[in-house]
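Novice: Encoded as structure tokens, here's the structure I'll be asking about.
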Amino acid sequence: MFFQQFVDDDLGCASYLVGDEEIGESVLVDPAYAIEQYLDEASRHELAIVRTLETHTHADHVSGHGRLALEHGVPVSVHPLAEAGYPHDPIEDGDEIIVGKVTLRVIHTPGHRPEHCCFAVTDRTRADEPWLLLTGDSLFVGDAARPDLAIEAHEGAEGLFHSLHRLLELQDGVEVYPGHVAGSLCGKSMSSKASTTIGFERRFNRALALATVEEFVADSASISAPRPPGMERIVDLNRGPFLGAPPPFEELTEAGDAPVLDVRPPEAFFAGHAAGAINVPVSGTSFANRSGFVLTADEPLVLHASSRDEAEKAARGLRSVGFLELRGYVLSPPAEERLEPVEVDELDALLAYDAQLVDVREADEREDAPLPGSRHIPYRLVEAAAGDLPADRTIVTICESGARAAVAASILAAHGLDARPVAHGGFRDLRERLHATV
């Protein structure tokens, strides 16, 4: 058996290529929109991709099943409850997909979404029992999927409880490969580890320790994490007609009147950037999700990058969350504006001059560690709140480490406010400096 895991570290998404090297065939499970990685790996091992399997209709990233179908004639299989609007072969509980000596058995596991399925993979040259389990958005390493993205949270949680306990019927030694790792918005506290076993999760997974459906529903339905950005649009893209290859992405001589997303490091943005540009560094963590939260897909973007490689990396990330109409990129547009960051040691003086301190962390972070005297606006919501902030005062944005504060300040500055981020450090450093407990 051939088995390869692919992990998108930025989104926390995983996909899988499973096949039989002897006959030279494979199937691809939950492919990302950037399909080149799978084609390269399959070619390297002389494997033909003969089918795409979807565990469910994804809400946090654009699938590559359309590109594989249109560009390479690869058929798609998904459960009927997905109500897919593209040509597909339906799969039901108990069905088997056979690739040479490898069998993938369908286990219908509703909860995260009604159509969700896992795949128990057996290498019949080793044994007749499953060797590994592809769990999609059901069982994660140290966590379970969130139940509130497709249906009412309590209904989803009840279905997920029964699905998880069905997976626990498998032997302890079965390896578990999830559809998400840390960084994804589809769970609460999943590990960064890429795999686990049924036995390990049976013993240590907190979600599986909740013995009754009532306890599980009460716990899992209370998730406070934000939903994936553009969720409805991404679901529509993944459920609808096949989505083909993206249009060409080329260097431009100027940005024109298009909105500019500056993907360079914060220091480069601070030193000079195009008028009205927003800065989400592609070198930082969670680039795609952060961009999805602060941008709209209404009109094509122009990217400001330091190099073509940086621009292409950003374009891949943006496409993964449904920003498919990218006008192009610029490398040296006029640097018409600057943004001056704030050091933690400068805060006292700024606040004494009536600066407005804005805490851009998420609500659960603020509840765990309050910041007295600040206004709370999560970074992903500052665009909507910009009109409510004072135009005659300096706005200082702060988060845990500086990254989100810099994004938020760039958005507020684009709205004409005097915004300055605590970009080197943040609340963690302020707390250590003040030695304060609230």
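We did not get these values from a lab; they are worked out from the coordinates using the rules stated. Quick caveat, the model's predicted, so the values are computed rather than measured. All Cβ positions, glycine included, derive from the backbone under ideal geometry; neighbour counts span all protein chains shown.
Novice: Assign one of three labels to segment 119-215, namely rounded, prolate or oblate, based on the Cα gyration tensor with a ≥ b ≥ c the square roots of its eigenvalues; rounded applies when a/c is under 1.5, prolate when it is not and a/b is larger than b/c, and oblate otherwise. The partial results should precede the final answer.
Specialist: On the way: a/c = 1.81, a/b = 1.56, b/c = 1.16.
Prolate is the answer for segment 119-215, as a/c is 1.5 or above and a/b outweighs b/c.
Novice: Mind checking which of D368, D219, D148 has the largest fluctuation in a GNM of the chain, springs on alpha carbons under 10 Å?
Specialist: Largest GNM mean-square fluctuation: D368.
Novice: Modelled label-to-label distance, R308 and L331, 7 Å Cα→beta-carbon offset: nm?
Specialist: Placing both labels 7 Å beyond Cα along the Cβ direction yields 0.8 nm.
Novice: Search the structure for amide H atoms under 5 Å from the amide H of V174, placed 1.01 Å from N in the peptide plane, and list their residues when 5 or more places away or on another chain.
Specialist: Amide H neighbours of V174, under 5 Å, 5+ apart: I198, G199.
Novice: Identify, among Y38, F427, S191, the residue whose Cα sits farthest towards the positive end of the charge dipole of the chain, taking +1 on the Cβ of Lys and Arg and -1 on the Cβ of Asp and Glu, with the dipole about the Cα centre.
Specialist: So the residue furthest toward the plus end is F427.
Novice: If you filter segment 7-58 for GluC sites (Glu not before Pro), then keep DSSP loop positions with at most 15 other Cβ within 10 Å, what is left? Intermediate results must be reported in sequence, preceding the final value.
Specialist: On the way: sites: E21, E22, E25, E36, E41, E46, E54; in loops: E21, E22, E46, E54.
The qualifying sites are E21, E22, E46.
Novice: What full-extension length gain, to one decimal in nm, is calculated for E71 and E175 as 0.36 nm per residue of separation minus the Cα-Cα distance?
Specialist: Details: separation 104, 0.36 × 104 = 37.44 nm, distance 3.28 nm.
The span from E71 to E175 would gain 34.2 nm if fully extended.
Novice: While we're on this one: Compare the Cα positions of L301, P248, P281 along the charge dipole of segment 233-310 (+1 at Cβ of Lys, Arg; -1 at Cβ of Asp, Glu; about the Cα centre) and return the one farthest towards the positive end.
Specialist: The residue sitting farthest along the positive end of the dipole is P281.
Novice: Now a separate question. Could you work out how far apart the two model spin labels at E250 and H415 are, taking each label as a point 7 Å from the Cα in the direction of the beta carbon, and quote it in nm?
Specialist: Inter-label distance under the simple model: 3.7 nm.
Novice: Distance from a point 7 Å along Cα→Cβ of E299 to each backbone N in segment 324-363: keep the residues under 12 Å and list them by number.
Specialist: Under cut-off, by backbone N: nothing.
Novice: Figure the gain on full extension for A211 and L168 (residue separation times 0.36 nm, minus the Cα-Cα span) and round it to one decimal in nm. Kindly include the intermediate steps, with their values, before the conclusion.
Specialist: Working: separation 43, 0.36 × 43 = 15.48 nm, distance 1.27 nm.
Stretched out fully, the A211 to L168 stretch lengthens by 14.2 nm.
Novice: With a ≥ b ≥ c taken as the square roots of the eigenvalues of the C-alpha gyration tensor of segment 45-117, please select rounded if a/c is under 1.5 and otherwise prolate if a/b is larger than b/c or oblate if it is not? Each step should come with its number before you reach the end.
Specialist: Working: a/c = 1.92, a/b = 1.17, b/c = 1.63.
Oblate, because a/c is 1.5 or more while a/b does not exceed b/c.
Novice: Please report, in debye to the nearest 20, how large the charge dipole of the chain is about its Cα centre when each Lys and Arg carries +1 at its beta carbon and each Asp and Glu carries -1 there. Intermediate results must be reported in sequence, preceding the final value.
Specialist: On the way: 36 positive and 73 negative charges, 73 e Å.
Around 340 debye, computed over the chain.
Novice: Continuing with this model, one more query. With springs only between Cα atoms under 10 Å, which of R308, R44, R404 fluctuates most in a Gaussian network model of the chain?
Specialist: R44
Novice: Okay, next question. For segment 138-167, run through the GluC sites (Glu not before Pro) and keep only the ones in DSSP coil with at most 15 other Cβ atoms within 10 Å of their Cβ.
Specialist: Working: sites: E152, E155, E158; in loops: E152.
Answer in residue order: E152.
Novice: Sticking with this one: Going by a ≥ b ≥ c, the root eigenvalues of the Cα gyration tensor, does segment 211-360 fall in the rounded group (a/c under 1.5), the prolate group (a/b larger than b/c) or the oblate group? It would help to have the intermediate numbers written out before the result.
Specialist: Working: a/c = 2.64, a/b = 1.11, b/c = 2.38.
Oblate, because a/c is 1.5 or more while a/b does not exceed b/c.
Novice: Relative contact order of segment 289-383, please, whole-number percent, based on alpha carbon pairs below 8 angstrom and at least 6 residues apart. Intermediate results must be reported in sequence, preceding the final value.
Specialist: Values: 72 pairs, mean separation 26.2, N = 95.
Rounded, it is 28 percent for segment 289-383.
Novice: Given a cut-off of under 8 Å on Cα pairs at least six residues apart, what relative contact order in percent is computed for segment 76-231?
Specialist: Working: 326 pairs, mean separation 29.5, N = 156.
It comes to 19 percent, rounded to a whole number.
Novice: Oh, and also: Taking H placed 1.01 Å from N in the peptide plane, check which residues at least 5 places from R375 or on another chain put their amide H under 5 Å from its amide H.
Specialist: Answer set, sorted by chain and number: L357, V358, D359.
Novice: Working out 0.36 nm times the residue gap between E129 and A194, then minus their Cα-Cα distance, what length gain in nm do you get to one decimal?
Specialist: Numbers: separation 65, 0.36 × 65 = 23.40 nm, distance 2.22 nm.
Taking E129 through A194 to full extension adds about 21.2 nm, to one decimal.
Novice: Shifting gears a bit: Read phi for every residue in segment 47-64 and hand back ³J(HN,Hα) as whole Hz from Karplus 6.51 cos²θ - 1.76 cosθ + 1.60, θ = phi - 60°, with x for Gly and Pro.
Specialist: Rounded to whole hertz, the list is 10, 8, 8, 9, 6, 9, 10, 10, 5, 5, 7, 6, 10, 10, 7, 7, 7, x.
Novice: Considering only the chain, what is the antiparallel percent among its DSSP beta bridges, to the nearest 5?
Specialist: Values: 34 of 67 bridges.
For the chain, the DSSP antiparallel bridge percentage is about 50.
Novice: Looking only at D359, D40, D388, which one moves most when the chain is put into a Gaussian network model with springs between Cα atoms under 10 Å?
Specialist: Greatest mean-square fluctuation among the candidates belongs to D388.
Novice: Something else: Quick check: pseudo-label points 7 Å beyond the Cα along Cα→Cβ at D9 and E83, how many nm apart are they?
Specialist: Once both label points are built, they end up 3.9 nm from each other.
Novice: If you don't mind, another one. Towards the positive end of the charge dipole of segment 57-127, with charges on Cβ (+1 Lys, Arg; -1 Asp, Glu), say which of L68, A84, V102 has the farthest Cα.
Specialist: Farthest towards the positive end: V102.
Novice: Can you list the residues, at least 5 places off or on another chain, whose amide H is less than 5 Å from the amide H of I395, using H built in the peptide plane?
Specialist: Under 5 Å from the amide H of I395 lie the amide H atoms of Q356, D418, A419, R420, each far enough along the sequence or on another chain.
Novice: Still on this structure, I have one more. Assigning unit charges at the beta carbon (Lys, Arg +1; Asp, Glu -1) and nothing else, what dipole magnitude in debye, to the nearest 20, does segment 10-70 show about its Cα centre?
Specialist: Values: 3 positive and 12 negative charges, 49 e Å.
Here the size comes out at about 240 debye.
Novice: Also, quick follow-up: Below 8 Å between Cα atoms, with a sequence gap of 6+, how large is the relative contact order for segment 155-217 in percent?
Specialist: Values: 58 pairs, mean separation 24.7, N = 63.
Contact order relative to length: 39 percent.
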